[in-house]
Amino acid sequence: MKLRRFLLTACLAALPLVAAAPAMAQGTIRIGMTAADIPLTNGQPDQGFEGNRFTGIPLFDSLTMWDLSAADRPSVVVPGLATEWRVDPNDRTRWIFTLRRGARFHDGSEFNADAVVWNVRKVLDREAPQFDPRQVGVTATRMPTLRRAEKIDDYTVALFTSEPDSLLPINLTNLFMASPAQWQRFRDANPTAEAAWNAFAREPSGTGPFRVTRFVPRERLEMARNDNYWGTKARAERIVLLPIPEANARTAALLSNQVDWIEAPAPDAIPQLRSRGMAITSNAQPHVWPWQPCFAEGSPLRDVRVRRALNLAIDREGLRTLLGGMMAIPVGTVPEGHPWWGNPSFRIRTDKAEARRLLAEAGYGPNRPLNLRVQISASGSGQMQPLPMNEYVQQELKEVGVNVEFDVIEWNALFTNWRNGCQHASARGAHATNVSFAAMDPFFAMVRFWDSKMAPPVSNNWGHFNDPRFDEMIRVARNSFDAAERDAALARLHAAGVDEALFIWIAHDVAPRAMSPRIRGYVQPQSWFVDLRLPYIQ
């Protein structure tokens, strides 16, 4: 069958994936994640942006944050632990941040400028006692121009970039503030900085709206409301996170009342979930599910004709049917009408005849088939339903004479390999990788993939794409501190990226979630993230 069916085969009465638990306290929300493990709790989560969603934002805060309060408008950056910021007009590599007064870490210590400098050094300064290599990969690639922080006074800091970069305030949503006092307490009792961070991860201390009360690696994380939070308090008393990477297993857990909320339910089970009174939520969001090509010497995807052919060969309406309607059809990284759209001349659509023509022009056909190897995962943050989706694409490409072989690896390993690049041994000869990504800001949507300076290990230019035209367009955008000028520069960049078919754009996620009818107050924003302060159990 062209459309692989999702079968809810687990026996609900004998489900082993979540151990039977005693009745939960009133106000506890149990969430089944797509991740196979609890995201890191040392201050900089792994497991992709699912880590930010579930252990970053709830436990820690950042200087700038996303407004996740509304479903009917795109999320924007708002003040967090910084109340205001500005670039120095005499030196556009220097930013001044005014810090929030009165915020405290879970251990009771004060948040101030010293804490900001300490947290910048933990990921950028190899000479710092608190430097943690494990946090670098999931942080530095998301803010590659940040170089250092300097205290001006107790509630003012200067942040310095390697070049003028108007995107820095957006990037800083990914730098979470951990407690220096808590870490130092563990460092005093442990022989190494690594051991101190391991102890910190078991008892983390941030300034966020929740604090950790129980942590069992690979099994569960329990968080309680922080009643001393500086901002709006959470409504739920407790959040319990459970790693359940397989879609049918997550769905079965919700149907058997072992969890109250699941990410990415099995599409074929959505009618059954609705018939049982479960709420199914989704929303447009800036989130792309692509294949990212390798542009290294010898890769067939160096040829724009091949990349365009792959974009034209896929029936995305059929894929949407497979997913029970839970996807949007892409025409680029951003939708038509977006300020960064730019009206590209190449139109992403289904046109198998044109795909075959382009492949033949590139030298591929019955006597010389195109053989591709793609590295994918079986689950993971934002990966939607990766196995059946990739198998569907495999079948579609077979119809135009393209043979696809998959290298299926664990999600966190795939995410790590993404930072290594397609020329690294970890790519194992892959011509493309399937890592979904959030596209809510210019850096995450385009810059980190198409700037030659973002090649590994700096950021996520996995394919080693290198084109001076794109570097110049990105330089202009970074140096545009006026919003309208920056949007115009980004529109030119996006149009050029689509015309060059720099991704195989397959789907846009709409973040389907299924929830118990007992959950109230939940808001699904137009974002990859959610505000866990809002929902509660009735």
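The values are calculated or read from the model by the stated rules, or taken from the named source; none is laboratory data. Values in this document were obtained by computation on a predicted structure and should not be read as measured data. Here the Cβ positions follow ideal geometry from the backbone for every residue, glycine too, while neighbour counts run over all protein chains shown. All accessible areas refer to the heavy atoms of the entire protein, side chains included, with ligands and DNA or RNA removed. Shrake-Rupley method; radii C 1.70, N 1.55, O 1.52, S 1.80 Å.
Set Lys and Arg Cβ to +1 and Asp and Glu Cβ to -1, take the dipole of the chain about its Cα centre, and tell me which of ASN52, PRO267, VAL76 lies farthest positive.
So the residue furthest toward the plus end is PRO267.
Starting with the highest mean, order 267-276, 187-196 by the number of other Cβ atoms within 10 Å, averaged over the residues of each peptide.
Output ranking for 267-276, 187-196: 267-276, 187-196.
Which trypsin sites (Lys or Arg not before Pro) from region 421-488 combine a DSSP loop assignment with at most 14 other Cβ atoms within 10 Å?
ARG428
Could you list, bin by bin from short to long, the percent of Cα-Cα pairs of region 175-239 in 10 Å steps?
Calculated P(r), rounded to whole percents: 21, 43, 31, 5.
So with the 1.4 Å probe, I'd like the accessible area per residue for the chain, rounded to whole Å².
That works out to 37 Å² for each residue.
Modelling each spin label as a point 7 Å along the Cα-to-Cβ direction, I'd like the ARG148/ASP125 distance in nm, to one decimal.
It is 0.8 nm.
Full-extension gain between ASP91 and ARG320, please, as 0.36 nm times their residue separation minus the C-alpha to C-alpha distance.
Residue separation times 0.36 nm, minus the Cα-Cα distance, leaves 77.6 nm.
I'd like to know how the chain sits against the 2.2 N^0.38 Å rule of thumb: what's its Cα Rg over that expected value?
Ratio of Rg to 2.2 N^0.38 Å for the chain: 0.96.
Give me the dipole magnitude in Debye, nearest 20, for the chain about the Cα centre, with unit charges on the beta carbon: positive for Lys and Arg, negative for Asp and Glu.
Rounded to the nearest 20 debye, it is 900 debye.
Please give the calculated 222 nm ellipticity per residue for the chain, where each DSSP H segment of at least 4 residues contributes -39500 (n - 2.57) and the sum is spread over every residue; nearest 500 deg cm²/dmol?
For the chain, the value works out to -7000 deg cm²/dmol.
Note down the relative contact order for the chain as a percent, whole number, built from C-alpha pairs under 8 angstrom at least six residues apart.
So the answer I get is 22 percent.
Just want to confirm a number: the relative contact order over region 122-197, from Cα pairs under 8 angstrom separated by 6+ residues, in percent.
24 percent
May I ask you to give the percent of accessible area on region 71-136 that is carbon plus sulfur, with a probe radius of 1.4 Å?
Of the solvent-accessible surface of region 71-136, carbon and sulfur hold 46 percent.
Of the lysine pairs in the chain, how many meet both conditions: Cα atoms under 18 Å apart, and a spacing of 8 or more in sequence or different chains?
4
Of all beta bridges DSSP finds with both residues in the chain, what is the antiparallel percent, to the nearest 5?
70 percent
Would you list VAL408, VAL400 from the most to the least accessible area, probe 1.4 Å? Don't jump to the answer; show the numbers that get you there.
Details: VAL408 75, VAL400 15 Å².
Result, largest first: VAL408, VAL400.
At what distance in nm do the modelled label points of ARG492 and GLN394 sit from each other, each positioned 7 Å from its Cα along Cα→Cβ?
4.3 nm
Just to confirm the filter: which GluC sites (Glu not before Pro) across region 209-309 are DSSP coil and have at most 11 other Cβ within 10 angstrom of their Cβ?
Values: sites: GLU219, GLU222, GLU237, GLU246, GLU263, GLU297; in loops: GLU219, GLU237, GLU246, GLU297.
Here the sparse-neighbourhood loop sites are GLU297.
Report the relative contact order of region 421-496, percent, no decimals, based on alpha-carbon pairs under 8 angstrom and at least 6 residues apart.
22 percent
Quote the accessible area belonging to ILE170 in square angstrom, nearest 10, computed with a 1.4 Å probe and with ligands, DNA and RNA left uncounted.
So the heavy atoms of ILE170 present about 40 Å² to solvent.
How much of the accessible area of region 350-436, in percent, comes from carbon and sulfur atoms when a 1.4 Å probe is used?
After summing per-atom areas, the C and S share lands at 50 percent.
Quick one: Debye curve from the C-alpha atoms of region 45-160, no solvent, what's log10 I(q)/I(0) at q = 0.11 Å⁻¹?
Results for region 45-160 at q = 0.11 Å⁻¹ read -0.40.
Can you list the HN-Hα couplings for region 91-98, worked out from phi with the Karplus curve (6.51, -1.76, 1.60; θ = phi - 60°), rounded to whole Hz and with x for Gly and Pro?
Each residue's phi maps through the Karplus curve to give 8, 7, 9, 10, 10, 10, 10, 8 Hz.
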